[in-house]
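The values are calculated or read from the model by the stated rules, or taken from the named source; none is laboratory data. Keep in mind that what you see is a predicted model, and the values were worked out from it rather than measured. For neighbour counting, all protein chains shown are included, and Cβ atoms are generated from backbone atoms with ideal geometry for every residue, glycine included.
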Amino acid sequence: MLEGLGNVVVKEVKELMRDPKILIGMIIVPVLMFPLMGFAIRISMQTAVESVKALSIGVIDQDGGRYAQMLFNIFSNSNLTVIRLVATSVEQVAKDVQESNMTAVVIIPADFSQNITNDKQAKVYVYGVFRGTGMAETAGASAVVSLVNGFSKSLALQKVGNIAILDPISQSQETIVKGKVVSASPSVLSTLVLSQHIGLPIGIMVLLVFAMQIAATSVASEKEEKTLETILTMPVGRFTILLGKLAGSVVVAAVGAVALVASLNYYMGSLTFISPTQPSVDLASIGLAPTLPAYLVLGASLFVALLSSLALAIAVSSFAEDVRSAQAIVGYFYFILFIPMIFLMYADISMLPLTLRLVLLAIPYTHPMLAARASFTGDYTTVVLGIVYVTAFTLVVLYIAARIFTTEKILTMRLRLRRQKLKREE
Amino acid sequence: MVYAVEVLDLGKRFREILALDGLTFRVEEDKIFGLIGPNGAGKTTALRIISTLILPTAGSASVFGHNVVSEASEVRKLISYLPEEAGAYKSMSGYEYLQFMGKFNSTDKRDLKVMVEDAAAISGLGERLRDRVKTYSKGMKRRLLVARALMNKPKLAVLDEPTSGLDVLHSYHVRGIIKKHVEKHGVTVLLSSHNMLEVDYLCDRVALINRGKIVAEGAPAELKSRYKALNLEEVFAEVAGLA
């Protein structure tokens with residue numbers, strides 16, 4: 001019944017793979033997307049850590065006493081590079097400092113140690129150096145302030161001898177994940193999870209958009225290149241040609257899906273690298289990174305969603321006369337990709353009103369996004385039902401596409417996008 | 001007697017346009033039959049119905065006794081259709097294209113090899129067959145497509161304007177291919193053209209078609225003498241009431 005299918009599939013794959021647009025869109029972009037996002041996160045964090053190390057500050061010690069020396073040692077033992085300056089006022093060194101790479105200048109005044117000894121409030125002058133180079137330049141001054149605060153607190157503790165008086169309430173922040181207590185603060189975790197919630201729907205949407213573009217061109221390019229009529233008179237079933245086209249696109253799309261999931265895995269790995277001030281959290285160790293079954297379910301869901309979007313793109317673009325019209329027609333369907341992406345980026349589907357939830361569930365592309373979250377939510381039932389639903393949806397679309405293919409409509413239907421003229425009313 | 005093509009009272013309406021209006025003709029086996037007429041006469045519509053691409057709205061057509069509507073898949077095994085405006089897959093080389101199309105006719109490797117070698121010879125494109133189709137000139141592409149249409153030695157080759165858009169040299173080559181191939185392999189050809197010279201040279205029998213109807217039919221020489229004309233162009237002008 002499907003004699004000649006292999007021939008059509010091989011031709012489709014060959015044609016698709018030889019088109020540089022498709023190679024870039026389907027394979028290279030998904031492969032690079034998540035690693036790039038992960039790389040961006042990693043780099044920005046590393047830069048933050050390294051920039052603190054590279055910071056240098058100037059210290060003018062006018063006191064020379066015991067406590068001034070202690071403070072100086074605290075600066076020296078931190079990540080900061082400390083340069084000792086000699087001056088009677090900051091104005092004397094201001095010009096040189098501005099031209100150096102120092103980011104802050106600290107003046108320890110002459111009465112510093114004496115005031116502390118006499119239980120009076122001692123003062124430290126901190127000058128940040130402004131050069132207009134960006135957010136990182138305040139880091140030096142901030143580091144000095146937090147070091148001085150720490151020193152101040154420890155001195156107070158020495159004098160009072162009881163931390164409870166200085167800090168009557170202390171907080172321990174931990175999180176319960178899947179019934180287990182994890183020693184990470186909720187804010188750290190939510191940052192991690194948020195980055196995944198935003199990244200995944202975007203990734204899936206990009207993949208689907210490219211897949212639909214590919215499939216849309218497969219029939220239209222045959223019309224445009226005038227090869228469709230010839231192939232339709234060959235001794236091969238029309239449904240076979242349709243399936244061959246679909247299968248050809250699927251092979252390319254499946255490579256794209258695998259690339260996306262692999263890329264995602266790398267991205268999840270880069271998310272475990274946490275900011276220098278927070279304790280490091282490994283998503284896998286607390287059960288929030290997708291496990292192998294989770295990846296399989298995600299892969300399956302992604303695959304059927306791809307299949308449905310390809311079938312839909314082939315069906316609707318069959319009416320188009322040329323490639324450009326086909327891509328434009330398919331473009332109208334992108335908004336149904338955007339809807340689940342927008343909602344699922346910012347909301348939990350179970351929190352949405354019932355009508356909206358049903359609308360979202362009716363859109364096939366919602367399901368891979370839900371599948372991507374199953375490792376968080378543990379809601380595999382919805383995911384499996386989603387796969388069944390999307391498969392049924394695909395079969396219906398395929399049936400309609402097959403009906404178009406087996407009639408003369410595939411040749412006689414003319415859908416060209418004309419620019420609409422606006423008539424001015426007189 | 002079973003005709004290679006038998007078209008009876010064929011009609012085709014596209015909404016308000018009547019493209020074919022009771023078209024009737026028969027093509028005998030091993031002959032070259034030409035449908036000639038001006039643009040919009042209905043030649044292409046008739047060939048597309050015979051090639052199972054579109055459905056008639058009246059009458060019937062059959063190829064070697066097989067109805068083109070009810071036995072379309074049988075008909076597709078017997079015919080080879082070359083549309084007027086046809087292309088080949090740009091990303092493929094000439095060889096790959098011939099192989100891809102050949103596989104629909106035979107999956108046997110030896111058969112396929114012979115078919116592709118024949119096609120290569122017919123096309124006369126030589127080493128250029130290794131290049132991608134997108135590098136071909138219009139004439140080269142047409143030669144590739146004609147070779148494709150004839151390579152499987154179909155029982156019936158339906159050629160819509162086989163030399164459409166070609167210069168004198170390429171047209172000459174293509175006409176030569178068709179004539180030689182028919183003589184050698186006994187292929188029946190149904191072609192359309194508005195090049196009267198081409199039809200005169202190639203066809204055993206011609207039908208003049210105007211506004212979806214046959215207005216005259218016969219061997220070229222017979223038609224010329226019947227209408228006391230020097231060439232088929234004059235015959236056509238006479239019967240179409242243009243003279």
Which condition from (1) at pLDDT below 90; (2) under 26 Å from B:LEU144 (Cβ atoms); (3) within 16 Å of the chain's Cα centre (by Cα) is the one that B:GLY37 breaks? (2)
Return the only residue of B:VAL75, B:VAL7, B:VAL69, B:VAL2 being part of a loop (DSSP other than H, G, I, E, B) and within 22 Å of A:LEU232 (Cβ to Cβ). B:VAL69
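Table: residues versus (1) within 14 Å of another protein chain (Cβ to nearest Cβ); (2) under 18 Å from the mean Cα position of the chain (by Cα).
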site: B:LEU53; (1), (2): yes, yes
site: B:SER60; (1), (2): no, no
site: B:GLU71; (1), (2): yes, no
site: B:SER80; (1), (2): yes, yes
site: B:SER91; (1), (2): yes, no
site: B:TYR97; (1), (2): yes, no
site: B:SER106; (1), (2): yes, no
site: B:ARG132; (1), (2): yes, no
Scanning segment A:215-242 for residues that are touching a helix residue (DSSP H, G or I) at 6+ places or on another chain (Cβ under 6 Å), under 21 Å from B:GLU84 (Cα atoms) and more than 7 Å from every other protein chain (Cβ to nearest Cβ), which turns out surrounded by the most Cβ atoms within 10 Å (Cβ to Cβ)? A:VAL219
Inspect all residues belonging to segment B:150-165 and state whether any of them is touching a Pro at 6+ places or on another chain (Cβ under 6 Å), surrounded by 21 or more Cβ atoms within 10 Å (Cβ to Cβ) and under 27 Å from B:LEU232 (Cα atoms). yes
List pairs: first residue in segment A:380-408 and more than 14 Å from every other protein chain (Cβ to nearest Cβ) and free of Cβ contacts under 8 Å to residues at least 60 places away in the same chain, second residue of a type outside the set (Ser, Thr, Tyr) and outside any helix (DSSP H, G or I) anywhere in the structure, Cβ distance under 8 angstrom, at least six positions apart or on different chains. A:TYR389/A:PRO364
If B:PRO162 satisfies all but one of (1) farther than 17 Å from B:GLU85 by Cβ; (2) not in a helix (DSSP H, G or I), what's the number of the condition it fails? (1)
Subset of segment B:108-130 (residues that are in a loop (DSSP other than H, G, I, E, B) and either within 14 Å of chain A (Cβ to nearest Cβ) or in contact with a Ser or Thr (Cβ under 7 Å, 6 or more places away or on another chain) (or both)): B:ASP108
